[in-house]
């Protein structure tokens, strides 16, 4: 194992050796080195908080039950990992994700932000998001986060119907979620996102419309809409079988998704990414990095990073993460140098998630690929099927195509 | 070797009645193998044979046995394949014997292959020794089994032996009976060499190994020999016996069984049933009954990945080296690309080849629905055979179409007679006989179109008789039938690999069933898919697969791009394994859908 050294490495020329190679490699590498600094833009920092007060029956994220002493040791490890990553570079977004980051005390959050500030050049106007669950979001705590430097709150509401929340095993009620939102407002948060899930067990189109109406009434700046994905061994599957609950047919789920977009657009939100809508100027800066060939560094167990054509991830398990950091050993479990081809195709398929689409000439310049020459046949098929549109500059999914994004994105993998 | 002390015999039985287990006991008793060397069922040497519990290739083994108070004897146990696909090989193996042990399971009683094999043995004038096996089983009724042998097979079973091959009980008594009751061979040692080939296989070190029964004369190394069917000459390099390991001997004489290696390059040069004779002093006539084995069942084999085409051809060539009854030629399908039309003795043979290609050669295959050989007479008076629906000429030029017919013998408990007769009628059969036998058994004889038997007859028979009815059949001729070609189209493009030749009257139900089946098998795609079944260009059924509405990954787990990419790759891999017709992606299972369509 490599010692916990200064990583990520400084930007600059990196050998591009892994993955598929082609005769055009030296040329392509040259193109990369020339534009590498420009391609990443300012860094995003992701901090993983793997604790929850309760484990949701549908959740497949890297998380465990909250325990005070574990939290204390974890925060020490996290701080140490950030400290050792003295790579500098401007940072314009910090994202506390989980798990449930709102199990952290405001003081913990303040300390972590400060730690990021000493290892990186933290832009004073940086977006600092924290994911919070309504049941942990008291007014006092939210004020604390605000004064600790959190600028944006992402509330994991999921639904404004109690029956749906109960089926998901969530600890909060719709009333509690509304209260949390109002507390956040009075705590001074002017950039709030609400997470909703659709295609829930027993959810009808009408139920979904009710939830959307409550959201629109609250008027958050941003909302994320996710279709429930039932991973193979999700306890929710068992609960569904026992309760005789069913998800609506696929086609109805598609209707729900499209109906939500209509309602939200009427209410002044712009659909800017497959799962996200925002008021003007309120797109999530951090998440945009994932879709637009940006650079981000993740800290904490299971955190993912992408920077300068490298991609790595930390060990998932909390205890082994802490042990490694305590021993001064790098917590990186897997690292990959991306080939030019992987970088190009990642940029293409991820960029399609954005409503504005991908800037094809920019990708071609940056990675030395010819998109239409190489994928023209399959792309034309998608255009003919009405899933994709192309105005010679940008390639973007149509409204219908957004629901079939994976069908289109497969072209590039 | 004095022929008086030689006994050549086979064990014949219905599948699963314990033939291989009894053979293993013989090997133990005679000390041919020490118990340490025994692998269960030694004679079934292919992995596939052991797994399926059936003998695919016949083997033979020389056993030394001395009955109590008697002289040492050489017993040649000639194993026979245990499936109807290989009945020609069974007859050749039996020709090499003077006697046969007829093995009957004490709880199952006499079954169709018991009867069929016993008749073959009777035809060869073999001394038949009835043995009732598995007498240790709780449901064993040895008395009943003996009664059935007498009343159904028509053999005197008064001195039938009782055995439990698994426990080893009675096996020695069977060997004693072989010595006492099977006649010794009676060939002329000094006559011209005449040896029957009853098996051959390709060995990559030694070339073709030929198993022979010397009828007359002597064969020894350096002798110039001739294969009478092909007329080719060879020089004998080695002769030997299997005991069961190969042992080289100086010569094989009249009455003996053993192997010959003579620089023969392919098994098709040393076909089963052919006669080996001395070039300088040939036998007056060859052993009777030689016919070239002809494939009866045909299917297309295609590589899933187009680039494996060359590998598939090489693998087929290698298998062909060892299997003269198997045939292949290149075939092109618009749906499946480049592949091979292959001919087999029967369905089991097809399955074996397919499995061997997959296991031993690592091929990933799409197999089209098996069909039979049709005989076409054109309006111009020309007659030829067609082994694929694609080769069927335009209906306008067909004067007559004939299909192969089998004579099927079904042995069943009487409770299921009604259902079986109905099934045979549905399958366009013609009843030839219905005989109520002893012990509540009925023997039903039908002529059935071979095509229907290939389709799903056996599965249905087993289902409706709860596994009790047994079946044996042989292709016995052709008859004229009003047959039509049923075609399938997706979004207007014909899927040639799905075409089947069917009886005119069943075309509509088959077409509809197939369209429904395809609707279920073809996944939803980016556009609606129309499925149509047509006969002579006329649409007889139509179904549609609605366009896919939703396939999207929601969250990005904290920037985990790798996971997203992997999910996309997995989906794409799934599609890559499908075959594309026009713009429609069709999963491989669809090409076998024809087989499982319920025609009701």
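Throughout, read-outs are computed from the coordinates displayed, never taken from laboratory work. A quick note: this is a predicted structure, and the numbers were derived from the prediction, not measured. Every residue, glycine among them, receives a Cβ derived from its backbone with ideal geometry; neighbour counts consider all protein chains shown.
Summary value for the stretch A:27-291: 16 percent relative contact order, contacts being C-alpha pairs under 8 angstrom separated by 6+ residues.
Straightening the chain between residue A:86 and residue A:262 buys 58.8 nm, computed as 0.36 nm per residue apart minus the Cα-Cα spacing. Per residue of B:560-570, other chain Cβ atoms within 10 Å of the residue Cβ number 6 on average. How far is helix B:309-321 tilted, in degrees, relative to the longest principal axis of the Cα atoms in chain B, given as a value from 0 to 90 rounded to the nearest 10? Here the helix axis deviates by roughly 20 degrees. From the square roots a ≥ b ≥ c of the eigenvalues of the alpha-carbon gyration tensor of chain B, which class results: rounded (a/c under 1.5), prolate (a/b over b/c), or oblate? It comes out prolate by the Cα gyration axes. Per residue of A:312-319, other chain Cβ atoms within 10 Å of the residue Cβ number 1 on average. Averaged over the residues of A:396-406, the number of partner chain Cβ atoms lying within 10 Å of the residue Cβ comes to 3.
When all alpha carbon pairs of the stretch B:430-588 are counted in 5 Å bins from zero, the resulting P(r) reads 1, 7, 12, 14, 12, 11, 10, 9, 8, 6, 4, 3, 2, 1, 0, 0 %. Once both axes come from the Cα atoms, what is the angle between helix B:561-576 and the longest principal axis of chain B, in degrees from 0 to 90, rounded to 10? In chain B, helix B:561-576 runs at an angle near 70 degrees to the longest axis. Ranked by the mean number of other Cβ atoms within 10 Å of their residues, highest first, the peptides A:97-103, B:289-295 fall in the order A:97-103, B:289-295. Judged by the mean number of other Cβ atoms found within 10 Å, the most tightly packed of the peptides B:441-449, B:158-166 leads the ranking B:441-449, B:158-166. In whole Å, how far is the Cα centre of the stretch B:524-590 from that of the stretch B:436-495? If we compute the Cα centre of each part, the gap is 34 Å. Calculated over the stretch A:27-291, the projected area of the Cα convex hull averaged across directions stands at 16.0 nm². Among A:241-254, A:275-288, A:400-413, the peptide with the highest mean count of other Cβ atoms within 10 Å heads the list, and the full ranking is A:400-413, A:275-288, A:241-254. Based on C-alpha pairs under 8 angstrom that are at least 6 apart in sequence, chain B has a relative contact order of 10 percent. In whole angstrom, the stretch A:339-413 maps to an equivalent ellipsoid with semi-axes of 18, 12, 12, each derived as √(5λ) from the alpha carbon gyration tensor and ordered largest first. I'd like the orientation of helix B:171-181 relative to chain B: the angle between its Cα long axis and the longest Cα principal axis, in ° from 0 to 90, rounded to 10. Around 60 degrees separate the two axes. Computed as a quarter of the hull surface, the mean projected area of the alpha carbon convex hull for the stretch B:64-130 stands at 5.5 nm².
For the stretch A:90-215, treating each Cα as an identical point scatterer without solvent, what Debye log10 I(q)/I(0) comes out at q = 0.12, 0.16 1/Å? With one equal scatterer per Cα and no solvent, log10 I(q)/I(0) is -0.47, -0.76.
Counting only DSSP H runs of at least 4 residues, each contributing -39500 (n - 2.57), and dividing by the residue count of the protein assembly as shown, the helix-based mean residue ellipticity at 222 nm comes to -9500 deg cm²/dmol. Across all C-alpha atoms in the protein assembly as shown, the radius of gyration and Dmax reach 38.1, 117 Å.
Any chance you could check the Cα centroid distance between the stretch B:313-347 and the stretch A:132-153 for me, in angstrom? Going from one Cα centre to the other spans 71 Å.
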